Amino acid sequence: MQVIAVANQKGGCGKTTTAINLGVCLALNGRSTLLIDLDPQAHASLGLGIEAKRTVYDVLSKITAQKLSLDEVIVKIEDNFNLAPSNIILSTLEQEMADEIGRESLLSDTIKNLKKSYDYILIDCPPNLGLLTINAIRAADKVIIPVETSRFSLIGVSHLIEIINLIKERLLHLVDYQILVTIFDSRLRHSFKVLEKIKENFKDKLFQTLIHTNVSLKEAQLNGQHIINYDKYCRGAKDYFSFSRELISQEEPILEEKLEEVLRVELPKLKEVVFQILFPEAKEVYLAGDFNNWTLDEKSKLQRREDGSWFKKLSLNSGKYRYRFVIDGIWENDPFNPNTEPNPFGELDSLLIV
């Protein structure tokens, strides 16, 4: 089970959009997920069409008129996806906690008993570095930092990383962080320049998935819906579904020292398969499928031949696999493979039987 805080003190970076739509996409992948709205503006709650009278405030506050457990405020959104809602009164909590001993660990202590009930607990943080955000980071195993492709967003990230490092030192709590590029406009040269700067600054701390600018993501929140209900065929839905799979692919990494043993046992059962596609004008081609948890990283890149074709060799066990190519950020099925199967977004995945 992982507790993940979604945080950035800069507004307008897609923080709440990420918390909502990552949550529902994790649920679609069979992961039981709880989203805790820790923002007094309650954007995550409103973005899911929830205006609740019983909220996170009633769980964390000691002076509330209706002291409740976290279980008692949770609202079911979809199968595998629940919400612990917020409202404006949560803004008074920081003042209430000001003189409390151990105030930084209040949320961490609250969710301890829930950890066995969920695969993921996501925390949507307020757009500041106050006590609520510190509580979220203290409770988390990882912080996802959504970053739009603008110069000012990079400055905000530096401040947040300082807070993460301070929590490591002062509270002896180890927490990882990763950067998610959001609101990426592929029509603008400036977006690519900032993206290169982000890659240069954060290297291994960067998710491979890009969340492209997409009007349906904004419209969905205005209508109190997550993107899968609002328009599951849009670019935003596909981006967040890909992001959820990238996150899931990090769940159980194979330990380096066990890799040789795994290969020795499995290698005799494997069959070599060559994936290839002709696309001379492409700059970058990836292969994503069931065999790599739909992950886009250096290992899933194809090599380019002199004739403009791209190829990758994989050793696979016997079975059925769905896959697609990602050509300069565009998902395509295999034009040379007539075997296909519909995916949840109304498009076709190529189908391989080994």
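If you average the alpha carbon positions of the range 301-331 and of the range 158-224, how far apart do those two centres end up, in angstrom?
The range 301-331 and the range 158-224 have Cα centres separated by 27 Å.
Of all the C-alpha pairs in the range 260-353, what % are more than 15 Å from each other?
Tail fraction, whole percent: 62.
From Cα pairs below 8 angstrom and at least 6 apart in sequence, can you work out the relative contact order of the chain, rounded to a whole percent?
16 percent
Given points 7 Å out from each Cα along the Cα-Cβ axis, report the Leu172 to Glu96 separation in nanometres with one decimal.
It works out to 2.9 nm between the two label points.
Please report, in debye to the nearest 20, how large the charge dipole of the range 63-205 is about its Cα centre when each Lys and Arg carries +1 at its beta carbon and each Asp and Glu carries -1 there.
The calculation lands at about 560 debye.
Treat every Asp and Glu Cβ in the range 260-353 as -1 and every Lys and Arg Cβ as +1, leave all other atoms uncharged, and give the resulting dipole magnitude about the Cα centre to the nearest 20 debye.
Once rounded to the nearest 20, the dipole reads 280 debye.
What percent do you get for the relative contact order of the range 74-183 when only Cα pairs under 8 Å and 6+ apart count?
Taking the mean separation of contacting Cα pairs over the length of the range 74-183, I get 23 percent.
Cut-off under 16 Å on the C-alpha distance; same-chain residues fewer than 8 positions from Lys205 excluded. Which lysines are left, in chain and number order?
Lys142, Lys197
Looking at the range 1-128 only, what percent of DSSP beta bridges run antiparallel? Nearest 5 please.
Bridges in the range 1-128 that DSSP calls antiparallel: roughly 20 percent.
Of all DSSP beta bridges in the chain, what percent run antiparallel (nearest 5)?
That works out to approximately 50 percent antiparallel.
Take peptides 98-107, 2-11 and line them up by average Cβ neighbours within 10 Å, highest first, as a rough protection proxy.
Going by the mean number of other Cβ atoms within 10 Å, highest first, we get 2-11, 98-107.
Enumerate the residues in the range 327-354 having an amide nitrogen under 19 Å from the point lying 7 Å beyond the Cα of Leu270 toward its Cβ.
Residues 352-354 qualify, since their backbone N sits under 19 Å from the label point.
Looking at the range 45-195 only, what percent of DSSP beta bridges run antiparallel? Nearest 5 please.
The answer is about 30 percent antiparallel.
Dipole size in debye (nearest 20) for the range 2-248 around its Cα centre, Lys and Arg Cβ +1, Asp and Glu Cβ -1?
620 debye
What is the spin-label model distance, in nm, from Asn128 to Asp79 if the labels are put 7 Å beyond Cα along the C-beta direction?
Each label point is offset 7 Å from its Cα along the Cβ direction, giving 4.1 nm.
With the convex hull built on the Cα atoms of the range 102-213, state its orientation-averaged projected area in nm².
If I average the Cα hull's projected area over directions, I get 7.7 nm².
Just Ser318, Ser309, Ser153 to compare: in a GNM of the chain, with alpha carbon springs under 10 Å, which one fluctuates most?
Maximum among the listed residues: Ser318.
Could you tell me the center-to-center distance, by alpha carbons, between the range 1-29 and the range 109-133 in angstrom?
12 Å
May I ask you to list the aspartates and glutamates whose Cα is less than 17 Å away from that of Lys203, ignoring any residue fewer than eight positions away on the same chain?
Glu148, Asp176, Glu246, Asp297, Glu298
Under the rule of -39500 (n - 2.57) per DSSP H run of 4 or more residues, summed and divided by the residues of the chain, what mean residue ellipticity at 222 nm is obtained, to the nearest 500 deg cm²/dmol?
Estimated from H runs of four or more residues: -10000 deg cm²/dmol.
Of Cys125, Cys25, Cys234, which has the largest mean-square fluctuation in a 10 Å C-alpha GNM of the chain?
Per the Cα network of the chain with a 10 Å cutoff, Cys234 tops the list.
Quick one: net charge around Ser61, please, counting Lys, Arg +1 and Asp, Glu -1 for every other residue with C-beta under 13 Å from its C-beta.
Neighbourhood net charge equals 0.
Taking the highest mean first, how do the peptides 179-192, 332-345 order by number of other beta carbon atoms within 10 angstrom per residue?
By packing density, highest mean first, the sequence is 179-192, 332-345.
Rule-based calculations on the coordinates, nothing more; no lab input. Note that the structure is a prediction, hence the values are computed from the model and not measured. No Cβ is skipped: glycine too gets one built from the backbone with ideal geometry, and neighbour counts run over all protein chains shown.
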